[in-house]
Amino acid sequence: MTGKSETRGLLKISELARASDVSVSTLKFYVKEGLIPIAKKTKRNMAYYHPDCIKSVRLIKYLQKNRYYPLAVIKRLLEQGKPDLAELELYDAIYKVEHTAAHPPLTITAAIRQSGLSREQIKQLEKAGVISSFKMNGKLMFRDFDCRIMQLVKRRQEAGFTFEQTLHAFTAYERALNEAVKADIDSVISDVLMPKCPNTEEIVHMIRVSDETLDDFVSLRRYYLNSKYGSHHIENVSKFSAGLKSFLLSVHSFISSTKHHALCTNTLKGIPLEGDGYAIKALRSYSSVIHLSEKGLAECISVCSQAHHFFVSLYASAIPKTELALLLALRLGWLTLVPEVLLSQPLTQKAKRRAVTELKQLAETGVCDSTFPNLVEQALKGV
């Protein structure tokens, strides 16, 4: 049996909790994580702690509350003894304390309330690696920059972006940045720090300069690349416009119906079409893109979106036979020439195959001339 002399001067966990102003459950968590050592264990559920643990607990609280260091880092600092200011500045530079100290971390419940995202959406962001949680006093927490990412997601949703698109975009950037940052840090260690052997103050300065310059570099390049690829897609829309015009010119040349021939002529000239039939709706869609230069880009994207939905969802059974040949030709032309960025690829390919089948069936049943499907196919090859 353990005598009182063996525990003299030591503290029970309740006494240590009171002296360091934390809960017993928090202390038990620190002990479990190896942050606070047990000085003497007298029974299965009874242990004593050295008074020096009071300073350790206060340091843990400070490093968690004011610097948000991971527990593994805190444990390392405790093992080194009381860290000096220069050492803390180095850890600050590595863990970007200045970016997180303005706001304390939040529980998942508080993060949901602040961001407006659902619990499931936050889980999806974390699963994708876009944000990450950590445990503090046994609770799941999110740092300020993770909460700010959640708010960015919500802001995009309010602007009209779907959560799925934002997750796709953020994941793409996360994947690329993860690879770039790892390559950069590995290079800094092997090519700069190891040969140069800088002191703590020099390392802190180098890290901060690296952060600032690379943040600016990433921002500048992203804006440039946005412009580059945005311009590329605008060019594709212009090519789409020219392709539709060329295709409609060919179709116009072998359309037998006098009425439809006139409608195609007016479309090519930019003359507004009267009426509300299927063929007229299709030709209006063609006209909106063919005469792109006369419209704003935003209007063109909106029209393309509506027209694409019209062409994808259209079924031959719903179309009057008098309009069927022209409409199926226009539909196939649209689905073949439309830029991939403007469409849903699986739906478009399915609709395109259906349009080809319907055109052939149309010729077989004698609704149109048997050469019509071949003429349409040749017209598309000529674009």
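The values are calculated or read from the model by the stated rules, or taken from the named source; none is laboratory data. All values derive from a computational prediction rather than experimental measurement. Positions of Cβ are backbone-derived with ideal geometry, glycine not excepted, and every protein chain shown enters the neighbour counts.
What the table shows:
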| quantity | calculated |
| --- | --- |
| Residue within segment 214-232 that is among the small types (Gly, Ala, Ser), part of a helix (DSSP H, G or I) and more than 25 Å from the chain's Cα centre (by Cα) present | no |
| All positions within segment 319-339 that are in a helix (DSSP H, G or I) and touching a Phe, Trp or Tyr at 6+ places or on another chain (Cβ under 8 Å) | 323, 325, 327, 329, 330, 331, 333, 334, 335, 337 |
| Criterion: in the same structural domain as residue 55 (by TED's automatic domain parsing), surrounded by fewer than 16 Cβ atoms within 10 Å (Cβ to Cβ) and touching a helix residue (DSSP H, G or I) at 6+ places or on another chain (Cβ under 6 Å) - qualifying residue of 86, 128 | 86 |
| Helices (runs of 4 or more DSSP H) lying entirely in segment 37-152 (those with 1 or more residues that are of a type in the set (Gly, Ala, Ser) and under 25 Å from residue 206 (Cα atoms)) | 71-79, 85-95 |
| Residue that is surrounded by the most Cβ atoms within 10 Å (Cβ to Cβ), among those in segment 113-125 that are under 18 Å from the mean Cα position of the chain (by Cα) and of a type outside the set (S, T, N, Q) | 125 |
| Test: residue in segment 167-177 that is in contact (Cβ under 8 Å) with a residue 60 or more places away in the chain, of a type in the set (A, V, I, L, M, F, W, C) and either farther than 20 Å from residue 218 by Cβ or assigned by TED's automatic domain parsing to the domain that holds residue 128 (or both) | no |
| Test for residue 176: is it modelled with pLDDT of 90 or more, under 39 Å from the mean Cα position of the chain (by Cα), assigned to a helix (DSSP H, G or I) and farther than 25 Å from residue 301 by Cα | yes |
| Any hit, segment 210-228, residues being in contact (Cβ under 8 Å) with a residue 12 or more places away in the chain, of a type outside the set (D, E, K, R) and either in contact with a Phe, Trp or Tyr (Cβ under 7 Å, 6 or more places away or on another chain) or more than 28 Å from residue 174 (Cα to Cα) (or both) | no |
| Which numbered condition residue 79 fails, given (1) in contact with a Ser or Thr (Cβ under 9 Å, 6 or more places away or on another chain); (2) surrounded by fewer than 19 Cβ atoms within 10 Å (Cβ to Cβ) | (1) |
| Residues located in segment 133-170, provided they are surrounded by fewer than 16 Cβ atoms within 10 Å (Cβ to Cβ) and among the hydroxyl-bearing types (Ser, Thr, Tyr) | 162 |
| Residue 279 being at pLDDT 85 or above, surrounded by fewer than 16 Cβ atoms within 10 Å (Cβ to Cβ), in the same structural domain as residue 333 (by TED's automatic domain parsing) and small (Gly, Ala, Ser) | no |
| Residue identified as surrounded by 10 or more Cβ atoms within 10 Å (Cβ to Cβ), at pLDDT 90 or above and part of a helix (DSSP H, G or I) among 209, 192, 204 | 209 |
